[in-house]
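Report on the following structure.
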Amino acid sequence: MAMDEERATPSPPTIEIAAGSGVCFGVRRALEIAEKALAEGQPVYCLGPLIHNPQEMARLAKKGFHVIGSLDDAADGGTLLIRSHGLQPDVVAEARQRGLRIIDATCPLVHRAQTLAAELQRAGYRVVVAGDQAHPEVRAIQGHAPAAVVVSDLEAVRRLELSGRVALVSQTTFSPQEFRRMAAELVMRDLQEVRVINTICAATVDRQRAAAELAGRVDVMFVIGGRNSANTNRLAELCAARGVTTHHVEQADEVLPEHLAGRRRVGIVAGASTPQWIIEKVSERIKSLLK
Ligand code: SF4
């Protein structure tokens, strides 16, 4: 009888957070640079959100951080912070002309992609950037290599008319699988030379791999991050593709009791722009609902 009772006892619920979840080093570095600038007591301007996380942006706004849509919105003599996505050189030059102080928080990995694109263009290559044309990071890379063409998928590469020497680089958060397909397509073309330089961020790839692996062995996944965050949306897609019920939440109160009904093994992953305090709040909420 004791044995039967033991068998009937359900195992305790588990909550596991995917490796590499949360703020990546590039975003953390940008946040630290912003906090340091704000500590001087002067307003800091940024073209677009510093981090794709509304809650974190609201916290910074209280300290004097202003997200602006154009340089016209910055007060004379103010400070312009370049976020981790980087910025086009002509925009930086205009900001300097207007007397704005520039603080550069471009992620070093994004800076590498920008520098490579510029050098390859100068060396005579037709630069092809694998990425999303509308993404600020890609616009900044293109700003460093204005003749570069941006392609979002293999089909777009197939449609390109190319000759001579071609160099392929990528947005740092681009899909590695699609990048490899694009590279193979270019190599098969009758071109004088093809250079393929993988500028995809390893932190992004590792986080995606960990999320997919975790999604394969839990009952439900929670993906935490801004709905305007491309890398968080990609994590939610990857988890759902593993066939597990996936909820994309920005904050703790979006986790509902019905999300956890009958679930014992819970997985969590957070995008590159999700601060630790939000991950902790969501984990606490899940823990309290699992009791
Ligand atoms: S995801 Fe990678 S490339 Fe982008 S900011 Fe973070 S560390 Fe830099």
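Its residue count N sets the reference 2.2 N^0.38 Å, and the alpha-carbon radius of gyration of the stretch 109-200 equals 0.94 times that reference. In terms of packing, defined here as the mean over residues of other Cβ atoms within 10 angstrom, the peptides 50-59, 217-226, 152-161 line up highest first as 217-226, 50-59, 152-161. Of the solvent-accessible surface of the stretch 109-200, computed with a 1.4 Å probe over protein heavy atoms with every protein chain present, carbon and sulfur atoms account for 46 percent.
Karplus-derived 3J(HN,Hα) values for the stretch 83-100, using 6.51 cos²θ - 1.76 cosθ + 1.60 with θ = phi - 60°, are 6, 4, 5, x, 8, 5, x, 5, 6, 5, 5, 5, 4, 5, 4, 7, x, 7 Hz; glycine and proline are entered as x.
The amide H of residue 23, built 1.01 Å from its N in the peptide plane, has 274, 276 as neighbours under 5 Å, considering only residues 5 or more places off or on other chains. Accessible surface area normalised per residue over the stretch 103-259 is 44 Å², counting heavy atoms of protein chains with a 1.4 Å rolling probe. Legend: P(r) of the stretch 237-281 from all alpha carbon pair distances, 5 Å bins from 0, whole percents, reading 4, 17, 30, 26, 19, 4, 0. Residues whose amide H falls under 5 Å from that of residue 127, counting only those 5 or more places apart or on a different chain, are 149, 167, with hydrogens built in the peptide plane. With all pairs of separate Cα atoms included, the stretch 41-182 yields a Kirkwood hydrodynamic radius of 16.3 Å.
The residues 213, 250, sorted by heavy-atom accessible surface at 1.4 Å with ligands and nucleic acids left out, run 213, 250 from largest to smallest. Seen against the Cα atoms of the chain and their longest principal axis, helix 176-188 is set at about 40 degrees.
Rounded to the nearest whole Hz, the Karplus-based 3J(HN,Hα) values (6.51 cos²θ - 1.76 cosθ + 1.60, θ = phi - 60°) of the stretch 149-161 follow the sequence 10, 9, 10, 9, 7, 4, 4, 5, 5, 4, 7, 5, 9, with x at glycine and proline. Computed from Cα positions, the angle between helix 108-122 and the longest principal axis of the chain comes to roughly 30 degrees.
The calculated 222 nm mean residue ellipticity attributable to helices in the chain amounts to -13000 deg cm²/dmol, summing -39500 (n - 2.57) over DSSP H runs of n ≥ 4 and dividing by all residues. By the rule of a C-alpha distance below 21 Å, with chain neighbours fewer than 8 residues away ignored, the lysines paired with residue 291 are 281.
Out of every Cα-Cα pair that the stretch 217-262 contains, those further apart than 13 angstrom amount to 53 percent. What's the center-to-center distance, using Cα atoms, between the stretch 234-291 and the stretch 44-119 in Å? After rounding, the separation between the Cα centres reads 31 Å.
Each Lys and Arg adds +1 at its Cβ and each Asp and Glu adds -1 at its Cβ; summed about the Cα centre, the chain shows a dipole of about 360 debye. The accessible area of residue 107, taken with all protein chains in place and a 1.4 Å probe, comes to roughly 10 Å². For the chain, the direction-averaged projected area of the alpha-carbon convex hull comes to 18.5 nm².
Note on residue 25: accessible area approximately 100 square angstrom, rounded to 10, probe 1.4 Å, nucleic acids and ligands left out.
Under 5 Å from the amide H of residue 103 lie the amide H atoms of 80, 81, 82, each residue being 5 or more positions distant or on a separate chain, with H modelled from the backbone and absent for Pro and chain starts. Taking the longest Cα principal axis of the chain as reference, the axis of helix 276-290 is set at about 20 degrees.
The values are calculated or read from the model by the stated rules, or taken from the named source; none is laboratory data. Given the structure is predicted, the values throughout are model-derived calculations rather than measurements. When we count neighbours, we look across all protein chains shown, and the Cβ atoms used for this are built from the backbone with ideal geometry, even at glycine. For the accessible areas, the whole protein counts, side chains as well, though only heavy atoms, and no ligand, DNA or RNA atoms are used. Shrake-Rupley method; radii C 1.70, N 1.55, O 1.52, S 1.80 Å.
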